[in-house]
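Structure first, commentary second.
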Amino acid sequence: MSISVGVDIGGTSVKIGCWQHGEQSDWRSGLPVPQDTDGTVVAAAIAALIRESLPAPDVRPACIGVGTCGMVQRGRILMSPNTPWDEVPLTDYLSSEFGCPVQVLNDADAYLLGVLRDEAETGAIACGFTLGTGLGTAVWLGDRLLGTACGTSPEGGHITLDMHAEPANTGIPGSFESLCCITAIQRYYQEAGGLTNSPELIANAAANGEQAARDAWQRYGACLGAGLGSYANIFYPQRMYIGGGLAGARAHFLPMAHERLRMHCLKSTPLPELIFPEDNATAIAWGSVRYLSGAKGMAT
């Protein structure tokens, strides 16, 4: 049995899927994120979750792909602002445990690989954004993901949009991430007069016409559109793929995001198409393993 395993490690939960010949066969979500500062302990806990998610105890995965929150450098998780981790040797540990090829990517990179349409064949440019506990960013440059000379993924969520704002958990004031993450919409809602609540409840309140909730999502959309416009002016992407937990509330922030995207795009910048893929829930796990499992055109 040839099983490809894809893992999505977020700030609040872990999701694991199994694929056979590109078709999903098993899916587990809501698994606990390991909470430890010892990187080897974290890697061992993730390995245990993978083992428990396999269809049978004797099944050996053909390959494992991991899309994870935090800064990833050549298969090691250096740190994650939303977890207590420090230096997690995930690729080496999983390779040793399972004896198969392993690829560890930043979760936004994995997301973009998971949702690309025809960019790999046409040479087009695309950007990816994941909206959730944090804000992940990725760029597809026609035939490969944008990387850095030091082997990490560019962290566009930490560009500054408001230099006078309070520092985020990274110490950077007014970062794109701090203005468009889960705590941001909760903060906007509270400042508009609502009670701090889950994004789902704030979305429900907006759907029911509550002004505080509607104002909060408008503010969120304005910040998101400004950040998307900054990306558009640099990379000129044809498409921007948007996912993550907060993407489900797009009905309440997308009109304002579109308005601000147009405002922040220069006259010479083509307006990119904003796409919210239907396979949002599994995109990171699938994208992390897509190249290893032989999907056409995926080069990292």
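Answer yes if at least one residue in the stretch 46-64 is farther than 29 Å from Tyr236 by Cα, in a helix (DSSP H, G or I) and among the charged types (D, E, K, R), and no otherwise. Let's see the steps before the verdict.
The first filter runs over the stretch 46-64 and keeps only residues farther than 29 Å from Tyr236 by Cα, leaving 46-64.
Checking the rest, the ones that are also in a helix (DSSP H, G or I) come to 46-53.
Right, trim to among the charged types (D, E, K, R) and you get 51-52.
Scanning the stretch 46-64, I find at least one residue that is farther than 29 Å from Tyr236 by Cα, in a helix (DSSP H, G or I) and among the charged types (D, E, K, R), so the answer is yes.
With the structure loaded, tell me whether Thr196 is without any contact (Cβ under 8 Å) to a residue 24 or more places away in the chain and either in the same structural domain as Leu135 (by TED's automatic domain parsing) or within 24 Å of Cys265 (Cα to Cα) (or both) or whether it fails that test.
Here the answer is yes, as Thr196 does meet what is asked.
Name the residue, out of Ile242, Ile202, that is of a type in the set (Val, Ile, Thr), surrounded by 18 or more Cβ atoms within 10 Å (Cβ to Cβ) and part of a helix (DSSP H, G or I).
Values: Ile242 fails: part of a helix (DSSP H, G or I).
Sole residue among the options that is of a type in the set (Val, Ile, Thr), surrounded by 18 or more Cβ atoms within 10 Å (Cβ to Cβ) and part of a helix (DSSP H, G or I): Ile202.
Kindly provide the set of residues from the stretch 80-101 that are assigned to a strand (DSSP E or B) and either modelled with pLDDT of 95 or more or surrounded by fewer than 18 Cβ atoms within 10 Å (Cβ to Cβ) (or both), ordered by number.
Correct list: Asp86, Glu87.
One residue is enough: does the stretch 265-281 have a residue meeting the conditions in contact (Cβ under 8 Å) with a residue 24 or more places away in the chain, part of a helix (DSSP H, G or I) and not assigned by TED's automatic domain parsing to the domain that holds Thr68? Quick ask: steps written out before the conclusion?
Initial filter on the stretch 265-281 (in contact (Cβ under 8 Å) with a residue 24 or more places away in the chain): 265-266, 269-277, 279-281.
Now restrict to residues that are part of a helix (DSSP H, G or I): none.
No, every residue in the stretch 265-281 fails to be in contact (Cβ under 8 Å) with a residue 24 or more places away in the chain, part of a helix (DSSP H, G or I) and not assigned by TED's automatic domain parsing to the domain that holds Thr68.
The values are calculated or read from the model by the stated rules, or taken from the named source; none is laboratory data. All of these numbers come straight from a predicted model, not from anything done at the bench. All Cβ positions, even for glycine, are placed from backbone atoms using ideal geometry, and neighbour counts span all protein chains on display.
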